[in-house]
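Asker: Have a look at this one before I ask anything.
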Amino acid sequence: MTAIWDMRTIRVIVALMLREMSTTYGRSPGGYIWAILEPAAGITLLTLAFSAISRTPAIGTSFPLFYASGLVPFLMYTSTQNKVSKAVTFSRQLLIYPRVTYLDAVLARFLLNALIQIVVATVVFAGIFLLYDLPLMLNYTEVATALVLALMIGLGVGSLNCLLFSLYPVWSQVWGIVNRPAFLASGIFFTFDQIPEKYAQYLWYNPLIHVVGKMRQGVYPEYIGDYVSVEYAMCFAIFPMTVGIFFLRRYHKKILNEL
């Protein structure tokens with residue numbers, strides 16, 4: 001019975017992923033291309049803006065590589081939490097069927113987005129290294145750790161927001177305002193070491209600072225980043241994920257009746 005249940009669950013998740021591929025990406029011009037163009041355009045704009053006022057970035061000599069090491073994991077987190085937070089709303093018509101659960105909807109959106117974002121990260125970094133003829137000295141373990149952390153934090157925050165968006169629709173607007181400073185406070189434009197100590201002690205609690213720091217440890221062999229705590233970032237991902245999934249399980253029938 002367990003094996004049958006597992007196969008049924010896998011089939012449901014795959015079916016939900018295929019549905020989203022056709023509805024979200026298949027119907028829009030360019031489809032998946034926009035997923036690559038977003039970070040590429042952001043990196044280009046940052047490079048043009050900051051190269052005009054500075055000769056070299058905070059680490060290394062390549063502005064595109066420096067900003068990619070911050071923007072790619074940040075957008076991976078943003079995209080993941082956006083997709084997961086709307087999982088129940090997106091699949092509400094299918095959740096009336098007993099075989100389709102709220103957890104299937106969450107996992108389907110997470111897995112599809114994770115696959116797309118990993119491809120996007122690979123294309124963006126490969127493009128930068130090839131286009132600018134940079135020496136390839138990546139620490140793949142550190143890079144992979146950073147990407148996994150970005151995805152897990154996105155899943156954790158998205159799971160909690162999936163619950164809150166469903167129970168309190170106004171929270172989606174509040175979250176949009178609350179989350180906006182994260183773009184400036186996650187180390188995309190600077191390194192944590194450049195921040196004055198009186199501010200750094202507070203900024204350290206932003207988990208995305210650790211994600212970006214871990215990515216730069218993987219991209220730049222000379223970057224130490226001893227402030228990075230994988231354990232803290234992972235705990236930040238697990239706690240909201242646990243709370244979100246627990247209460248989604250408890251209130252999912254109420255949520256479906258109110259949608």
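Asker: With respect to S186, determine if the residue is within 23 Å of Q81 (Cβ to Cβ), open to solvent by 10 Å² or more (accessible area, probe 1.4 Å) and modelled with pLDDT of 90 or more.
Answerer: Values: within 23 Å of Q81 (Cβ to Cβ): yes; open to solvent by 10 Å² or more (accessible area, probe 1.4 Å): no; modelled with pLDDT of 90 or more: yes.
So S186 fails the test.
Asker: Would you say L45 is open to solvent by 10 Å² or more (accessible area, probe 1.4 Å), of a type in the set (A, V, I, L, M) and closer than 28 Å to P221 by Cα?
Answerer: It is true that L45 is open to solvent by 10 Å² or more (accessible area, probe 1.4 Å), of a type in the set (A, V, I, L, M) and closer than 28 Å to P221 by Cα.
Asker: Restricting the first residue to region 120-143 and requiring it to be in a helix (DSSP H, G or I), which pairs with a second residue that is open to solvent by 90 Å² or more (accessible area, probe 1.4 Å) meet a Cβ separation below 6 Å and a spacing of at least six or different chains?
Answerer: As it stands, the answer is F129/L136, since those pairs meet every condition given.
Asker: Turning to a different aspect of this structure: In this structure, does L112 turn out to be at pLDDT below 95, in contact with an Asp or Glu (Cβ under 7 Å, 6 or more places away or on another chain) and more than 19 Å from F236 (Cα to Cα)?
Answerer: The answer is yes for L112.
Asker: Restricting attention to region 50-68, and to residues there that are more than 25 Å from Q117 (Cα to Cα) and assigned to a helix (DSSP H, G or I), which single residue is nearest to the chain's Cα centre (by Cα)?
Answerer: F50
Asker: Hey, any hits in region 126-133 for a residue that's under 26 Å from F63 (Cβ atoms), in contact with a Ser or Thr (Cβ under 9 Å, 6 or more places away or on another chain) and open to solvent by 50 Å² or more (accessible area, probe 1.4 Å)?
Answerer: So far as region 126-133 goes, yes, one or more of its residues are under 26 Å from F63 (Cβ atoms), in contact with a Ser or Thr (Cβ under 9 Å, 6 or more places away or on another chain) and open to solvent by 50 Å² or more (accessible area, probe 1.4 Å).
Asker: Filter region 144-180 for residues that are of a type in the set (S, T, Y) and surrounded by 15 or more Cβ atoms within 10 Å (Cβ to Cβ); which is modelled with the lowest pLDDT?
Answerer: Checked region 144-180; the qualifying residue modelled with the lowest pLDDT is S166.
Asker: Follow-up question, since we're still on this one. Could you check region 208-241 and list, in sequence order, the residues that are more than 16 Å from Q194 (Cβ to Cβ), of a type outside the set (F, W, Y) and without any contact (Cβ under 8 Å) to a residue 40 or more places away in the chain?
Answerer: S229, E231, C235
The values are calculated or read from the model by the stated rules, or taken from the named source; none is laboratory data. Just so we're clear, the structure is a prediction, and the values are computed from it rather than from any experiment. Quick reminder, even Gly has a Cβ in these numbers, built from the backbone with ideal geometry, and neighbours come from all protein chains shown. SASA here: full protein model, heavy atoms, side chains in, ligands and nucleic acids out. Shrake-Rupley method; radii C 1.70, N 1.55, O 1.52, S 1.80 Å.
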